[in-house]
Structure formats: structure tokens, C-alpha cells
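Asks: I'd like to ask some things about the structure below.
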Amino acid sequence: MTEPLRAETDVLVIGSGAAGMYAAIEAARAGCHVMLIDRSLIGRGGATVMAQMTVAVALGSETPDHWSHHYHDTLAAGRGLCNESLAQLLCEEGPACIEEMDAWGVGWARKDGRITAAFAPGHDRPRCVYVDFLNTGPAVSKTLRSVVNKTAGIDRAGDLCVVDLTKSDGTVTGAAAWHVGSGAPVVISAKATIVATGGLTRLYRRNSGSANMGGDGYAICLRAGAPLIDMEFVQFFPIGHLAPRLIGMDPIMWDPFRYKLGGRLLNGRMEEFTQNYGVPEDGRYIITRDVGTYAILKEVEAGRGSPHGGAYLSFQHCSEATLREAFGPVIDRLEKNYIDLTKMPIEVAPIAHYHMGGVAANARMETDVPGLLVAGEAVGGANGANRLSGNAITEALVFGRQAGRTAAARVKAMRAPVPPDARETLDLLRGEERKDAPNTAEMLQALQATMADDVGPLRTQAKLERALSHIGELDAALGARPFGVAEPFDLTRLDWLDLRNMVMVARVVAQAALLRTESRGAHQREDLPGMLPEWRVNQVARLKDGRIEISRMPAAPIEVAAQ
Amino acid sequence: MSEIATLKIWRGPDKTAGRFESYEVPYERGQSVLDGLRWIRVHKDPTLAFRYSCINANACKECMMEIDGETIYACTTRLEPRAMTVGPLGNKKLVRDLVTEIAPPQERLRLK
């Protein structure tokens, strides 16, 4: 293999969703040279672009509000496990980021000149700003991408997949990557590295994220020595679209419909059922994500599911005029999919949506490893055992901005970058093609099936043990050397690199879920129902000698009564 | 239920070295061409290269290609139980199969 391509920068930002782009802007504004890279195209993939509507923030533009109320709701939703300092940062700094986004022209929906806010489940008042229609994520991505374009000092490179972080003397010194577009290895030297790679939704068969979010950031940080926290808490969004088949639309689109129009959740017998799980909705939208997911899956299990194995969601109480006023052109797109909401309910079911767990970090976004920072969904702990609606984009913006600031401060205090040691990764990428290699796309599908069936929202010891055994088999089939060749867009090589990370992260999630012998928030053990006081602890995963070790630490002393 | 969509797909590393190859895909009403391409990777050939990030949400705008001669997104084009021709964008540099260089120059890797 030829020599790797080399680059040097002050701040390397990995991932170009909202968190990565905000981090890049903030570091560049502080005078740093920034390299913003993404495994797909810049500013197009990740979770941000898929956000449909709400961004939670105590702006108080319509209804009086204060960040402490938002903070209180965030901690309550987190079922006693939130990292207080991260949750506080999210809530306290949210308004400033939302206002800056407004000044950059994102186009938050307004009524009578004021930014308007929707009410979302778990909040004590209307607090969620948005961009019509169903355009929050694309508008946030586009706005930040154009600010990145206009900000001096940010070099961008897409199609660049980080294989591992580089380290010298215990410090992260940059990253070694595989350029998908050419097949060439690339070594980037940086004084500070920010991992903003999003979550792990791709581990699951049905998910609402982008196909490029397979927990790669968690894996590269773990291998670099940074601990992960709360990895058992995967958020399932209860009302992901299930049927009839819909294309050109995001599966979480029914969330905004419920914000604006309420809607009725019905079981296969066309009966309302959420009241049997403690939440009588009466046409409102108040059920939180963990309870909604549990209620739908339990109805299905009892033989009361909809034909495709979910629940019905009906907006048949709404007139055509009401629907058009609330969602304009979206109604035409539904029509093209043969869906007339005035005449029929649609079917919905839980879908993997967000990861509460992630890399452990302090409120400066620093990990345990010098030189390594994190931002956005890659950060674990802010949302505890269950995330409040609307907190994901807010944390992406706030944590991104903070990571950019901290990185800039580090850069100013450093003279020269430490030369990266990328030998291991370069050797890995030198692998010869394996002629007998299994089908990587099929392996990926097998992993997603295992995670969905056995490490989904409802878990048991037997299911989790079966999952760990399947994960072990996939790991063995994957082996230590990559498939494919060093050629442009060899997807078998990219899949191998992805699977290497996905298998590791899947194992952490399943192991942490097996160890937590109670039910809390998004982690529901059918064999161990009920939340136990002694489990008010966060689980921390580390990689030691190639094995995952999980320990416990007491959760922050929280005043808010956990539900 | 046993209807088939036949996708004639461009395979090759550049516009002079390659050819259209046919793949038979089980057809279900409501599927997209992107669904068909993903099915081929899992069941026939994992080396088939195409871009996508979001899945059928038309959010990432990465899956633009030429389907039956029309420049269009694979995620919003319905798969149909007939022969369909799927090729890379004609006006962009071909990287491999259906992947073209669609990023603006300032968002590509540029190293000395």
C-alpha cells in the first residue's frame, strides 16, 4: 500500500450533524484551524437532518419560562439517572443557541412575530420550537452548513471514515481514517479531537436515524480508553410509521401530527388503551416515550395489535381543512402514498430513535482521555434513562458549541501537535482481500435482527444471553482482518469497518442490559419489573485487554422524585 | 405475490469500463428503487455501490441517480414489476457503480 495521505489541524471534528458543525463554527470563531470530516457527505446524514419537529428550549417568548423548569422536566424524564451538570448545561445554554440559530436564519415558526412553541409530552408547558412543515432537521442542517461555508478556517472533507483515534503517551493526537471515495488511508494530526458522530440507531432493524449511525463514535472512543456510560438505555420512539408502506417521508413524522392535532392511539380492536397503562390521553398527546413504547408492545403481545404488529393512530376526527392548515404540502405527499387521514388510521410501532448512553464527559465536553472531546448524541448521561421530547437537537447545538470552546482553549495552551502514531490502523487497512468473505450486508441485517428481537425495548435474561451469543458468532465471522479492497467505494470494506464497531457497541448495550436487574425508563426487563432504589446508579463500560468491563457509580443526588 | 422487478444496473469503476447487469428483485407494492438496491446488496452482491444515508425519508438527498433516463432520487421512485434501468448521474464524475462525485469541491478531501 502507498503511504497514507497526511493532514494537520488545530481541531479535528468527526461528524457533521448539528453538534459537529456548531463545534467547528465555535472553534473557528475562536481563531482555530478546523478540519470537519464526515463518513458521508458534509451536513447531509446523521440524525439532525431526520429531526421532524421539536426543539425543547426555555425561550419564554410566548409562555413565561425559565431554564430551571426545563431542567426539572429533563431530570424527571431521566428517571433519576441524569448527569446534573450536563442536563443543566443543555437547559441553561439552550436559549442562546436557539437565538443564534434564529439570527442565522433557520426560520423558527412564528405567531404574531414571536417564536412559537408546541407542547410535547413530559414538559410542564409549551416549550418546543420548530420549523414548518416537518422541516426542523433539514433547516437546522442547511443553516449550519451555510454558516460553516462562510466561516474562515474550516476545511471540510466528506466520504472520510475514521477507523480509529490515534494516541501518544495517553493523549489523543488525531485520527486515522479510510477515504471511502478513493480507498486511501488518511492520517490527521490534531491538537484537539471532537467526536460528534451521533448515536447507534443503525444497530436496530427498524430505526429513525440515518444509515451512517452505527455507534462508531462510541467504539473509537472506547478503544482510545474513554469510558461509556448508561449504554443500556436505547430510546424507542413509540409511534414510528409501520403501515401502509410510505416512501419519501420520515418514519417519525406522526410526532408533529400528534403535537398539532392530538390524535387517538387505538389497539387492533379499535379501542383506546393507554389508560390501562396509567396514561388516559383523551385526544391529547401526553404519553412519554418509554411508557408509550411499553403500552404498544404489551397490546401486541396480548394479541391486540394492529395487522402489522403495532397500534393504530387515527386522525379521523380532523377535517381535510384542519389537516391542510396544520401540514400543508405534507398532505399531498401522503396522498401520493395512498393515505387519506380523514378516512383511515395508519399503523405505528416502536422504532429505535435515540441513545441516552454514550461517552462519559464533563460539562466542558472533555472525556477521561486528554485531547478527546465529545458533542451531541455521542455524549452520554444528560438524559438519564429516558430522554425528554425535543432535547436532542438542543443538546446537539449546546454541546457542540461547548466542545468547540473547550477545544479552542486547549489549542491556545498547546505549542505544537504531538505526531500521531497510526501504525496499527495503517496495518489493518493493509489487509489482503479475503476470497471466502461472508456477505457483509447480510451480516449487518443479522445483527440488526438480533438487537431488535432480543435487545429491544422489552428484555429478559434469556433474550439478552441469546443476543450476546449471536453477537459473539458475528464477531468471530468478522475476524481480525478487513474484507474488501482498498479501492474507491468498496462497500464490503466499509461494512467490515462498520461491523467491527457495531458488534463491539452491541455487546456493550446487551451486557449492560443484562447486568441491570431492574426496569427503568427505556430499559424494561420483563423478568424484573419495577424500579429499584439500589439501582439508582450509572453503569460505566471500559475496554480492558480486549474485553468489556462494566462497573457502577452512584447517580448524582437528584432532588426531583423519579416517576 | 411472486412478481419480479428487473433492475438493469450500471456496474463499473468509470464510464468507459463497465456494463449494465440485470438483477431480479421480488416486488412488493409500495417499495422504492432504493429498497430494491438494498435487497440486492443483502441477497446477491454486497459490492454493489450506491450512496444513501437516510432511508426513504428524502432528507439526505444522497441517492440521486438516473432511473429510466430520468435524474431522480432512488428513495422516492417506486419500484415497479418490470425492467427498470438504473445508472449513475451522467453529468458527474463516476466513482463506482451508481456512486458519483456529488459533493461540492470545497467539501471533498483535498490534501497536498
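Asks: Run the helix sum for chain B: -39,500 (n - 2.57) per DSSP H stretch of 4+ residues, divided by residue count, reported at 222 nm to the nearest 500 deg cm²/dmol. Intermediate results must be reported in sequence, preceding the final value.
Replies: Working: 1 runs with 11 residues, N = 112.
Result for chain B, helices only: -3000 deg cm²/dmol.
Asks: Explain nothing, just the number: relative contact order of the range A:428-531, from Cα pairs under 8 Å at least 6 residues apart, as a whole percent. Numbers along the way, then the final one.
Replies: On the way: 116 pairs, mean separation 36.7, N = 104.
Relative contact order here is 35 percent.
Asks: Quick one: of A:LYS336/B:LYS61; A:LYS435/B:LYS8; A:LYS167/A:LYS191; B:LYS15/B:LYS92, which pairs are farther than 21 Å apart, Cα to Cα?
Replies: A:LYS435/B:LYS8
Asks: For the pairs A:LYS142/B:LYS44; A:LYS150/B:LYS93; A:LYS150/A:LYS412, flag any whose C-alpha to C-alpha distance is greater than 28 Å. Can you show the working numbers first?
Replies: Values: A:LYS142/B:LYS44 36 Å; A:LYS150/B:LYS93 26 Å; A:LYS150/A:LYS412 23 Å.
Pairs exceeding 28 Å: A:LYS142/B:LYS44.
Asks: Over what distance in Å are the Cα centres of the range A:1-52 and the range A:319-376 separated?
Replies: Comparing the Cα centres of the range A:1-52 and the range A:319-376, I get a distance of 23 Å.
Asks: Per residue, how large is the accessible surface of chain A? Use a 1.4 angstrom probe and give square angstrom. Can you show the working numbers first?
Replies: Working: 19190 Å² over 563 residues.
Accessible area per residue: 34 Å².
Asks: What average number of partner chain Cβ atoms lie no more than 10 Å from the Cβ of the residues making up A:35-44? Working shown, then result.
Replies: Values: counts 0, 1, 1, 3, 1, 7, 10, 5, 2, 10.
Per residue, the number of nearby Cβ atoms from other chains is 4 on average.
Asks: Regarding the range A:309-357, what whole-number volume in Å³ per residue does the convex hull of its Cα atoms give? Present the calculation step by step, with values, prior to reporting the outcome.
Replies: Working: hull volume 5.9 nm³, N = 49.
With only Cα atoms used, the range A:309-357 gives 120 Å³ per residue.
Asks: Another one. For all pairs of alpha-carbon atoms in the range A:297-430, what percent lies in each bin of width 10 Å, listed from the first bin to the last filled one?
Replies: Spelled out bin by bin, the range A:297-430 gives 10, 21, 21, 21, 15, 11, 2 percent.
Asks: Let me ask another. Set Lys and Arg Cβ to +1 and Asp and Glu Cβ to -1, take the dipole of the range A:336-470 about its Cα centre, and tell me which of A:GLY431, A:GLN448, A:ILE346 lies farthest positive.
Replies: Result: A:ILE346, furthest along the dipole toward the positive end.
Asks: Hey, what's the per residue convex hull volume over the C-alpha atoms of the range A:103-229, in cubic angstrom?
Replies: Values: hull volume 23.4 nm³, N = 127.
Dividing the Cα hull volume of the range A:103-229 by its residues yields 185 Å³.
Asks: Given points 7 Å out from each Cα along the Cα-Cβ axis, report the A:SER168 to A:ASP112 separation in nanometres with one decimal.
Replies: Here the modelled spin labels are 6.2 nm apart.
Asks: Sticking with this structure for a sec: Is there a simple number for the mean count of other chain Cβ atoms within 10 Å of the Cβ of residues in B:27-35, and what is it?
Replies: Average neighbour count from other chains, rounded to a whole number: 2.
Asks: Please check the range A:3-18 for residues whose accessible area, probe 1.4 Å, is lower by 10 Å² or more when all protein chains are in place than in their chain alone.
Replies: The answer is A:LEU5, A:ARG6, A:ALA7 - residues whose exposure falls by at least 10 Å² when every protein chain is included.
Asks: So for the range A:117-186, averaging the separation of alpha carbon pairs under 8 Å that are six or more residues apart and normalising by length, what relative contact order in percent results?
Replies: Numbers: 64 pairs, mean separation 11.2, N = 70.
The value is 16 percent.
Asks: Taking each residue of A:246-259 in turn, how many C-beta atoms of other protein chains fall within 10 Å of its C-beta, and what is the average? Before the final figure, lay out the partial values.
Replies: Working: counts 4, 16, 10, 5, 6, 3, 1, 1, 0, 0, 0, 0, 0, 0.
Partner Cβ neighbours, averaged per residue: 3.
Asks: For the range A:159-227, what is the convex hull volume of the alpha-carbon atoms per residue, in Å³? Don't jump to the answer; show the numbers that get you there.
Replies: Working: hull volume 6.4 nm³, N = 69.
Taking only Cα atoms, the range A:159-227 has a hull volume of 93 Å³ per residue.
Asks: Compute all pairwise cysteine Cβ distances in the protein assembly as shown, then list the cysteines with no distance under 4.7 Å to another cysteine.
Replies: A:CYS32, A:CYS82, A:CYS91, A:CYS97, A:CYS128, A:CYS161, A:CYS221, A:CYS318, B:CYS63, B:CYS75
Asks: While we're on this one: With every protein chain left in place and a probe of 1.4 Å, what is the accessible surface of A:MET414, to the nearest 10 Å²?
Replies: A:MET414 exposes around 50 Å² with every protein chain in place.
Asks: Counting only Cα, what are the radius of gyration and maximum Cα-Cα distance Dmax of the protein assembly as shown, in Å?
Replies: 23.6, 69
Asks: Report, by chain and number, residues whose modeled amide H sits under 5 Å from the one on A:LEU242, excluding near sequence neighbours (fewer than 5 apart, same chain).
Replies: Correct list: A:GLU347, A:VAL348, A:ALA349.
Asks: Going toward the positive end of the dipole of the protein assembly as shown, with +1 on Lys and Arg Cβ and -1 on Asp and Glu Cβ, which of B:THR76, A:THR406, A:VAL34 do you reach last?
Replies: With unit charges placed on the Cβ atoms, the residue in question is A:VAL34.
Asks: Per residue of chain A, what 222 nm ellipticity follows from adding -39500 (n - 2.57) for every DSSP H run with n ≥ 4, rounded to the nearest 500?
Replies: Working: 14 runs with 191 residues, N = 563.
Mean residue ellipticity at 222 nm (helix-derived): -11000 deg cm²/dmol.
Asks: Give the accessible area for B:GLU3 in Å² (nearest 10); use a 1.4 Å probe, count only protein heavy atoms, and leave out ligands, DNA and RNA.
Replies: 100
Asks: Report D for the range A:274-336 in µm² per second (integer): Stokes-Einstein, Kirkwood Rh on Cα pairs, 10 °C, 1.306 mPa s.
Replies: Working: Rh = 13.7 Å.
Diffusion coefficient, whole number: 116 µm²/s.
Asks: Next question, about the same structure. What number, in percent, do you get for the relative contact order of chain A if the mean sequence gap of Cα pairs under 8 Å and at least 6 apart is divided by its residue count?
Replies: Numbers: 1356 pairs, mean separation 127.6, N = 563.
Normalised by residue count, the contact order of chain A is 23 percent.
Asks: Can you spot the lysines whose alpha carbon is less than 20 Å from A:LYS111's alpha carbon? Ignore those fewer than 8 places along the same chain.
Replies: Filter leaves A:LYS260.
The values are calculated or read from the model by the stated rules, or taken from the named source; none is laboratory data. Quick caveat: nothing in here was measured; it's all calculated off a predicted structure. A quick note on method: Cβ atoms are made from the backbone with ideal geometry, for glycine too, and the neighbour counts reach across all protein chains shown. To get the accessible areas, we keep the full protein, side chains included, count just its heavy atoms, and leave off ligands, DNA and RNA. Shrake-Rupley method; radii C 1.70, N 1.55, O 1.52, S 1.80 Å.
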